[in-house]
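What follows is a single structure, written as structure tokens, with notes after it.
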Amino acid sequence: MFKNYLFSAVTMLLFTQLSCQQPPQTPTTTPDISAFYYPIEELEEERVYEYVVVHEGKEYLSHYWSLKKEEEATGKQYLISKGYNQEFEKDQYTKELILNDGVLAQEYELYQFDSVSQSIKTYPNKLLQNIVYPFYPSQDSVMAYRYACEMRLPPDFLTVKLIRDRKFNGFTTYTYEGKELEAVVFVSEELYDIENKEEGGFWKQEKLTKEIYAKGIGLVQKEAQTKGEKKVEITRLRKIYTKDEFQQLY
């Protein structure tokens, strides 16, 4: 049960870290899917995405994800993201560099309250491969974009390693708030190595996922299935708030 709980926690923490292997080029034979990522130019004002887990037809709050664009004097644009749990406590932070052909993760941090010091502590993650989203994905069915990171998760500080191989799976449609929107699909295989302090070595967990990005919105749904199991966990976008609306929630 502990392993399942830990694995679920790791999966939630990595929900929006959907990354690739090398910066793609922009050949004319590949589609431009930049409009399906989060709407960068519209995020000068912060927006907060509310995600829920769907179980037996009912929705349960999963987490919040705030997004805001920042631009340096040099002209470089960044997407700053902050994750909040069900209690409105900030537990994640990411900084992504926006390029012409994709998005690169620059920083990824976790936060947790430390009962000894009575303060929030920061736990940086080591990014080994850092492309978040390709704007011109390959049409080759065997081409996979790889994301890899290594972290030490509190409170037990277990070392967790993740390798995610993602493939562009084509176009679809998605209904959000009664409107049918154009969307794109990515499928991936995820391999987790979770440190086993009791017996030594690592637990290995494998998952298959399907991610849907709607045009003008971004990530709207993720389906995840542990290899060898029938259960599929569905996490979807329920609502988008302004900064003021989000503050009014708590």
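Counting other Cβ atoms within 10 Å as a rough exposure proxy, the listed residues 151, 143 run 143, 151 from fewest neighbours to most. State the Cα centre-to-centre distance between the stretch 26-104 and the stretch 121-193 in whole Å. If we compute the Cα centre of each part, the gap is 13 Å. DSSP loop chymotrypsin sites (Phe, Trp or Tyr not before Pro) in the stretch 88-133 with at most 12 other Cβ atoms within 10 Å of their Cβ, which ones? Those satisfying the criteria are 88. For residue 135, the residues whose modelled amide H falls within less than 5 Å of its own, excluding neighbours fewer than 5 places apart on the same chain, are 102, 103.
Place the peptides 235-241, 70-76 in order of packing, highest mean first, counting for every residue the other Cβ atoms within 10 Å and averaging per peptide. Write down the numbers at each step before the final one.
On the way: 235-241: 18.0, 70-76: 8.4.
Going from most to least packed, we get 235-241, 70-76.
Peptide packing: for 62-69, 173-180, the average count of neighbouring Cβ atoms within 10 Å per residue gives the ranking 62-69, 173-180, highest mean first.
Of all lysines in the structure, the ones whose alpha carbon falls short of 16 Å from that of residue 204, not counting any fewer than 8 places away in one chain, are 3, 161, 227.
The numbers here are math on the coordinates, done by the rules we state, and not lab data. Note that the structure is a prediction, hence the values are computed from the model and not measured. A quick note on method: Cβ atoms are made from the backbone with ideal geometry, for glycine too, and the neighbour counts reach across all protein chains shown.
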